[in-house]
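A short worksheet on the structure shown next.
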Amino acid sequence: MQKPPLIWLTTLVFAITFLVSVIGVPWYGLTHGFSTTLVVAMIATIGFAGISITAGYHRLWAHKTYDAHWSLRILFALGGALAVQNSALHWSSDHREHHKHVDDNDKDPYSAKRGFWYSHIGWMLREYHASRYSNYDNCKDLQNDPVVMWQHRNYLTLTLLTTFGWPVALGLMVGDIWGAVLLVGFARLVINHHTTFFINSLAHMWGKQTYTDRNTARDNGWLAFLTFGEGYHNYHHIFSADYRNGIRWWHYDPTKWLIRSCSWLGLTSNLKRTNGFQVEKARLEMQFKALRNEGGISCETTMERLQHEYDVLIAKLRQYYQVRKQFLDARAKTIAEQMHMPTLNELQKQVEDLRQAFREHRHQFRELVNASLRKPSEQLN
Ligand SMILES: [Zn+2]
Ligand SMILES: [Zn+2]
């Protein structure tokens, strides 16, 4: 099959910035050296452009996982232009198609099933999806956001101003224009580009399928470190309405931390989170599925018993979250009306007991699984 025509401008931008970064930047570093100020400025610029994509383009605009004050939206629009990844409207349109048709080689703009090169960068180099951008009708909501539309109309000007204007201005300030253009202009852009592109390529290939195996998305802590927290991509694909990607406190997700901290300042609001029951249930389902697929348990009675224990575990989990919700609602009401303290205390005790019971049952279930894998016939007869 003949490939669609090359998009020369995009291809040249990627090729030139890459070549200058791998040849020109080390050469300048060895012959002239880079000042600490420039290195710090490069890291800060990577952070600003990168997080504008993850917190702004991705979690705010493409997925609507929270609301943001106009001042923050303007910052994200500027940082997004600096990241050189097209306008927020265009980016979100692609990304919504990616979620809707994930892994479909024809409809997913960067389907990982078409290989690393295609999902990483190849999809942008040719006219694969040109027909889709006539009216951005999958982003009607974003067309009502004046900041999104302002950035879309002025994308080229904003991109040129930020990507060239900032390094040149910095270079004038520190007295090293070439150093600033090479490090904060070229190298910074290439790092921003490829770390974001890893989310479409590597985050669909390398890591664990913690919550679902219905698509190729993976959870990977290393990738989270390189992508401002977007490496928990398996979680993200199943619960994409959640403003978090890394949901545990030890998960590296600076994008989540930024959104949350901004909510304390009144800059973000309406932060959406997935119900804990759904998350835990998806995780247990995958664990049980892996156990069945391992094939280590051949005895049918054992399998039946495990299935029964698993069903009980899910029922306990559901009960725990139901009572927990009752408790949280009652607590909110009690605080508002300052009454019914005994009911609240009783509910709190129930929640604690149920959580304890669920944890004990989960522990027993795991023991049972391990025992059945070791000695399938002896242990359960
Ligand atoms: Zn997404
Ligand atoms: Zn994805």
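Odds and ends about this structure:
- 0 to 90° range, to nearest 10: angle between helix 188-200 axis and the chain longest Cα axis: 30
- Placing unit charges on each Cβ (+1 for Lys and Arg, -1 for Asp and Glu) gives the stretch 52-137 a dipole about its Cα centre, and among 74, 119, 95 the Cα reaching farthest toward its positive end belongs to 74.
- FRET efficiency for residue 272 and residue 113, using Cβ-Cβ distance with R0 set to 25 Å, rounded to 0.05: 0.30
- Largest GNM mean-square fluctuation across 333, 325, 256, computed for the chain with C-alpha springs under 10 Å, falls on 333.
- These residues, 257, 27, go from largest to smallest accessible area, 1.4 Å probe, as 27, 257.
- One decimal place: the segment residue 43-residue 249 gains 71.7 nm when fully extended, by the rule 0.36 nm per residue minus the C-alpha distance.
- A full extension of the chain between residue 285 and residue 335 corresponds to an added length of 14.3 nm, given 0.36 nm per residue minus the alpha carbon distance.
- Computed over the chain, the percent of Cα pairs more than 33 Å apart is 44.
- In the full protein context, the chain carries 53 Å² of accessible surface per residue, based on a 1.4 Å probe and ignoring ligands, DNA and RNA.
- Amide hydrogen neighbours beyond the local backbone of residue 126, cut-off 5 Å, H modeled: 7
- Computed E for residue 30/residue 164 - FRET, C-beta separation, R0 22 angstrom, nearest 0.05: 0.35
- Taking the 1.4 Å solvent-accessible surface of the chain as the whole, the part contributed by carbon and sulfur is 59%.
- Helix 341-374 and the longest principal axis of the C-alpha atoms of the chain enclose an angle of approximately 90°.
- For the options 263, 111, 240, a Gaussian network treatment of the chain with springs between C-alpha atoms closer than 10 Å singles out 263 as fluctuating the most.
- Subset of 100/333; 208/333; 140/281; 3/208; 289/316 violating a 29 Å alpha-carbon distance limit: 100/333; 208/333; 140/281; 3/208
- With both labels modelled 7 Å from their Cα along Cα-to-Cβ, the residue 22 to residue 261 distance reads 3.5 nm.
- Solvent-accessible area of residue 353 with every protein chain in place, 1.4 Å probe, in Å² to the nearest 10: 80
- Cα centroid of the stretch 124-186 to Cα centroid of the stretch 222-265, whole Å: 24
- Spin-label model distance (nm) - residue 366 vs residue 301, 7 Å beyond Cα toward Cβ: 2.8
- Given their separation in residues at 0.36 nm each and the Cα-Cα distance between them, residue 309 and residue 172 gain 42.4 nm when the chain is fully extended.
- Degrees between helix 300-337 axis and first principal axis of the chain (Cα, 0 to 90, nearest 10): 70
The values are calculated or read from the model by the stated rules, or taken from the named source; none is laboratory data. Everything numeric here is computed off the predicted structure, so don't read it as measured data. Using ideal geometry, Cβ is built from the backbone for each residue, glycine included, and neighbour counts are taken over all protein chains shown. The accessibility values were calculated without ligands, DNA or RNA, using every heavy atom of the protein model including side chains. Shrake-Rupley method; radii C 1.70, N 1.55, O 1.52, S 1.80 Å.
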